[in-house]
Amino acid sequence: MAFAPMGPEASFFEVLDRHRESLLAALRRGGQEPPSGGSRLASSSEVLVSIENIIQDIVTSLARNEAPAFTIDNRSSWENIKFEDSVGLQMVSHCTTRKIKSDSPKSVKKFALILKILSMIYKLVQSNTYATKRDIYYTDSQLFGNQTVVDNIINDISCMLKVSRRSLHILSTSKGLIAGNLRYIEEDGTKVNCTCGATAVAVPSNIQGIRNLVTDAKFVLIVEKDATFQRLLDDNFCNKLSPCIMITGKGVPDLNTRLLVKKLWDTFHVPVFTLVDADPHGIEIMCIYKYGSMSMSFEAHHLTVPAIRWLGLLPSDLKRLNVPKHSLIPLTNRDQMKLDSILRRPYVTCQPFWRKEMEIMADSKMKAEIQALTFLSSDYLSRVYLPNKLKFGGWI
């Protein structure tokens with residue numbers, strides 16, 4: 001192997017290695033069941049037939065003098081979501097639906113936009129070409145109004161056809177970064193080496209296309225914010241704690257960053273940890289990586305990594321490290337609402353330690369950014385906090 005780890009002695013990783021063994025044992029007990037239901041990677045011919053069937057239904061409705069309508073699963077209701085500890089949030093088999101009618105003033109424009117994007121997808125699949133969501137938006141930015149409209153319609157179509165976005169030949173623009181002990185080959189044959197230096201590598205836009213992944217990493221660290229990620233790079237964290245992999249989605253992760261984390265877990269089964277701010281927004285981001293989101297629950301099997309653990313910043317760490325009050329920030333009303341919302345979610349019942357941490361935050365009515373640790377020393381995060389957490393098992 002070409003990696004030249006300069007990290008700590010082997011004994012440093014003893015607790016991490018035991019944690020990995022427990023994760024592997026849990027996988028063996030669970031039988032590693034293959035994905036069932038939800039979206040999947042469908043062949044081009046299957047996608048084309050599915051779209052043709054939808055158009056045929058529209059023609060049939062018109063022939064009967066009936067107003068055509070699209071029936072789409074309701075992705076915005078918790079009633080349609082079930083939680084499984086081994087998968088995360090996923091849509092129930094027989095969920096409630098909503099109709100996008102062509103004869104309703106409220107939905108006629110959306111009906112037309114779905115039809116337009118369906119025709120674009122059909123041409124992409126038929127010609128075996130790809131486009132980004134941004135490309136689709138700019139084909140008629142005035143018609144679509146904004147990017148969010150396009151994003152939501154593509155998700156609706158993916159959910160309606162029960163296929164992944166990749167099967168629709170639509171790619172997402174990546175914003176995430178990766179660094180550390182990882183090599184792979186991209187779909188076009190480009191060899192990528194992420195070995196940590198002063199700069200990171202952009203997360204590829206076609207995760208399904210990367211192959212020949214090689215790593216000897218002992219763990220993967222997901223960092224919430226780009227600023228923290230860059231600081232750890234500057235502190236040479238990847239080399240000091242080599243072998244490891246570091247990833248950031250720069251806030252709420254894009255699809256490709258989530259797909260990459262999932263691919264790393266499925267391929268190597270090394271422990272995955274999150275480093276997020278001790279605030280409701282940071283916890284929300286960690287939950288997206290671990291259990292998924294309501295809006296993308298139809299793709300849960302391809303996106304979630306329930307084995308993820310919360311490494312920091314824990315609300316209980318703030319008291320343990322005597323972080324001064326002037327470094328803390330009062331929770332806003334919006335924060336309180338977000339925290340209450342997370343506490344009501346189904347997965348919190350199987351995470352009592354998470355609940356305890358969130359209750360500490362709720363009781364103190366304070367939050368903290370990771371940067372609050374700089375009051376101890378400018379490099380405390382990379383020199384003391386993270387090494388100690390990883391060496392002694394300070395995750396939940």
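The values are calculated or read from the model by the stated rules, or taken from the named source; none is laboratory data. Quantities reported herein were computed from a predicted structural model and do not represent experimental measurements. Neighbour counts run over all protein chains shown; Cβ positions are idealised from the backbone, glycine included. Each accessible area value is taken on the protein alone, full model and side chains, heavy atoms only, with ligands, DNA and RNA left out. Shrake-Rupley method; radii C 1.70, N 1.55, O 1.52, S 1.80 Å.
A few points about this structure:
- Cβ separations smaller than 8 Å between residues 6+ apart or across chains give the following pairs from region 12-31 residues that are touching a residue at least 40 places away in the same chain (Cβ under 8 Å) and open to solvent by 30 Å² or more (accessible area, probe 1.4 Å) to residues that are in a helix (DSSP H, G or I) and not β-branched (Val, Ile, Thr): Val15/Leu390; Val15/Lys391; Val15/Phe392.
Yes or no, residue by residue, for (1) over 22 Å from the mean Cα position of the chain (by Cα); (2) within 25 Å of Asn256 (Cα to Cα); (3) among the small types (Gly, Ala, Ser):
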position	(1), (2), (3)
Ile54	yes, no, no
Ser61	yes, no, yes
Ala69	yes, no, yes
Asn128	yes, yes, no
Ile136	yes, yes, no
Ser141	yes, yes, yes
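- Conditions (1) farther than 17 Å from Asp235 by Cα; (2) of a type in the set (A, V, I, L, M, F, W, C); (3) surrounded by fewer than 17 Cβ atoms within 10 Å (Cβ to Cβ): number failed by Val384: (1)
- Scanning region 382-396 for residues that are closer than 18 Å to Phe353 by Cα, assigned to a helix (DSSP H, G or I) and not charged (D, E, K, R) yields Leu390, Phe392.
- Count of residues meeting criterion [part of a loop (DSSP other than H, G, I, E, B) and of a type outside the set (S, T, N, Q)] in region 179-209: 12
- Residue match in region 379-395 (condition: farther than 26 Å from Met246 by Cβ and not hydroxyl-bearing (Ser, Thr, Tyr)): no
- Any hit, region 363-381, residues being open to solvent by 10 Å² or more (accessible area, probe 1.4 Å), under 26 Å from Glu9 (Cα atoms), touching a helix residue (DSSP H, G or I) at 6+ places or on another chain (Cβ under 9 Å) and assigned to a helix (DSSP H, G or I): yes
- Of the residues contained in region 342-354, one or more are found to be outside any strand (DSSP E or B), of a type outside the set (D, E, K, R) and crowded, with 20+ Cβ neighbours inside 10 Å.
- When region 163-185 is filtered for residues that are of a type in the set (A, V, I, L, M) and open to solvent by less than 10 Å² (accessible area, probe 1.4 Å), the ones remaining, listed by number, are Val163, Leu168, Ile170, Ile178, Ala179, Leu182.
- Inside region 328-372, residues that are under 26 Å from the mean Cα position of the chain (by Cα), hydrophobic (A, V, I, L, M, F, W, C) and more than 27 Å from Pro306 (Cα to Cα) make up a count of 2.
- Residues that are assigned to a helix (DSSP H, G or I) and of a type in the set (A, V, I, L, M) were ranked within region 4-27; the one that is modelled with the lowest pLDDT is Ala10.
- Of note, Asp156 does not satisfy the criterion of being within 27 Å of Lys262 (Cβ to Cβ) and loosely packed, with under 14 Cβ neighbours inside 10 Å.
- Filter result for Ala67 (in contact with a helix residue (DSSP H, G or I) (Cβ under 8 Å, 6 or more places away or on another chain), more than 28 Å from Leu171 (Cα to Cα) and either at pLDDT below 80 or not polar (S, T, N, Q) (or both)): yes
- Scope region 127-141; condition open to solvent by 40 Å² or more (accessible area, probe 1.4 Å), free of Cβ contacts under 8 Å to residues at least 24 places away in the same chain and aromatic (Phe, Trp, Tyr); matching residues: Tyr138
- Contact map, region 335-360: first residue closer than 18 Å to Leu89 by Cα, second residue of a type in the set (Phe, Trp, Tyr), Cβ cut-off under 6 Å, separation 6 or more or different chains; pairs are Pro346/Phe83; Tyr347/Phe83; Tyr347/Tyr291.
- Members of region 28-52 found to be at pLDDT 80 or above and closer than 25 Å to Ile170 by Cα, listed by number: Ser43, Ser44, Ser45, Glu46, Val47, Leu48, Val49, Ser50, Ile51, Glu52
- Selection count, region 359-376, where residues are closer than 17 Å to Phe229 by Cβ and of a type in the set (Val, Ile, Thr): 2
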